1. Amide H to amide H under 5 Å from V189: which residues, 5+ apart in sequence or cross-chain, H placed 1.01 Å off N in plane?
2. Applying 1/(1 + (r/R0)^6) with R0 = 41 Å to the Cβ-Cβ distance of E361 and Q279, what FRET efficiency is obtained, to the nearest 0.05?
3. Looking only at GluC sites (Glu not before Pro) in DSSP loops with at most 11 other Cβ atoms within 10 Å, what is the longest site-free stretch of the chain?
4. Tell me whether the chain comes out rounded, prolate or oblate; compute the Cα gyration tensor, take square roots of the eigenvalues as a ≥ b ≥ c, and use a/c under 1.5 as the rounded threshold.
5. List the lysines whose Cα sits under 22 Å from the Cα of K81, skipping any in the same chain fewer than 8 residues away.
6. Could you run the Karplus curve 6.51 cos²θ - 1.76 cosθ + 1.60 with θ = phi - 60° over the stretch 294-301 and give me ³J(HN,Hα) per residue in whole Hz, x for Gly and Pro?
7. Let me know the shape class of the stretch 81-123, please: from the alpha-carbon gyration tensor, a ≥ b ≥ c as square roots of the eigenvalues, rounded when a/c is under 1.5, otherwise prolate if a/b is greater than b/c, or oblate.
8. Rounded to whole Hz and in sequence order, give me ³J(HN,Hα) for the stretch 9-25 from the Karplus expression 6.51 cos²θ - 1.76 cosθ + 1.60, θ = phi - 60°, writing x for Gly and Pro.
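Just so you know, all these numbers are worked out from the coordinates, no wet-lab data involved. Everything quoted here is computed from the prediction, not taken from an experiment. A quick note on method: Cβ atoms are made from the backbone with ideal geometry, for glycine too, and the neighbour counts reach across all protein chains shown.
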Amino acid sequence: MNMEWCASLPKLELHAHLNGSIRDSTLLELTKAFIGKGVINFSEMEHIIRKYNRSLEEVFKLFDLIRILTTDHSTVTRITKEVIEDFASENVVYLELRTTPKRNDSVEMSKRSYVEAVLKGLRSVTSVDVAFIPHCEDSDRIFTPLPAINGHVRKRIFVRLLLSIDRRETTEAAMETVRLALEMRQFGVVGIDLSGNPSIGDWTTYLPALKFAREQGLCVTLHCGEVPNSKEIKNMLDFRPQRIGHACYLGDEHWRQLKSSKIPVEICLTSNVRTMTVQSIDVHHFVDLYKAKHPLVLCTDDSGVFSTCLSKEYKIAADSFGLGRREMFELSRNAVEYIFADSRVKEDLRKVFNSVAKSMEV
Ligand SMILES: CC(C)=CCNc1ncnc2c1ncn2[C@@H]1O[C@H](COP(=O)(O)O)[C@@H](O)[C@H]1O
Ligand SMILES: [Zn+2]
């Protein structure tokens, strides 16, 4: 599949972690600012950042590094702005960006001020038009063509936020995140994600917060089946979240339950191969789900950490599974139905796909 075609295809990104999507150049710059502070081994980190094919161990080191580097408000604002610009530049027309609100007393950061720093990042994007506040005039005019300046029509992207609960957190901390998400709904927070190291934490810890989120009308997506944990996978599917991410270690019974539930799956090909949650791309469960016409969406997970981008994920899927332009176009268009934003946004996105179908030669 032609990479330029994948890049020009309008796409929806529904599973992207903010801190996993940082540009390498920014990561290197932030790392340099820590030289001499005795916190990090610069040459080791520089080697990892400059490397293309990072090992799993190096990926974890990178996440640890990122946790040290992105602890102040201005950095959070900066990376948010850049991540949105990067997705928009490859024709992502709708982005659901997820991030874990963090407290850092040393810089007077609360979970709330963390999210405010993210919102500041959304507002500071200038290279493209960002629509993130529900039901405001932005979304009304979003796909009315703007006058071209010097032949250039400005790109536009819808952005919605998901607040992540980290599996290391307590029930109370998870509740705090849900309460914050509810207060921030007016600024485009549409849901809750459960993520973090899949080998730690117990499902029952987060259940009260997840139930509360759902009762209050927030959408929920869960990292599900990243490690073999049959009981948890069953409990997660029984909970019936609006979407799940990964779905790697599902047993036969889980597959039956998932397929009959029609819960959409966020597929992260490169992430799964690199973290070895699937043995290789040719045995990826994408094929089984795709053949069963199960709701699917291709996503990056951590485009910075895994050195990928959404266009690349589309190319990998097309090349690995023998899909043509028509199939890839439909795969992208179908994702509109699984977004957490409201029906007006869905309507606008359907229009985008209709308007480009001819020029995409499908
Ligand atoms: C082994 C590995 C890295 C797998 C990738 N798949 C993932 N599985 C679970 N949680 C994740 C994954 N990638 C990112 N995250 C979560 O997202 C965080 C980074 O984004 P943020 O700080 O929430 O803005 C990580 O610290 C982690 O809590
Ligand atoms: Zn993830």
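1. Residues meeting the amide H criterion: L161.
2. It comes to 0.75.
3. Longest site-free region, per DSSP loop and neighbour criteria: 109-360.
4. Since a/c stays below 1.5, the shape of the chain is classed as rounded.
5. Qualifying lysines at Cα under 22 Å: K11, K32, K102, K111, K120, K155, K312.
6. So the J values, rounded to whole Hz, are 6, x, 9, 9, 7, 9, 9, 6.
7. Here the stretch 81-123 falls in the prolate category.
8. For the stretch 9-25, the Karplus curve yields 5, x, 9, 10, 10, 10, 9, 9, 8, 3, 6, x, 10, 6, 4, 4, 5 Hz.
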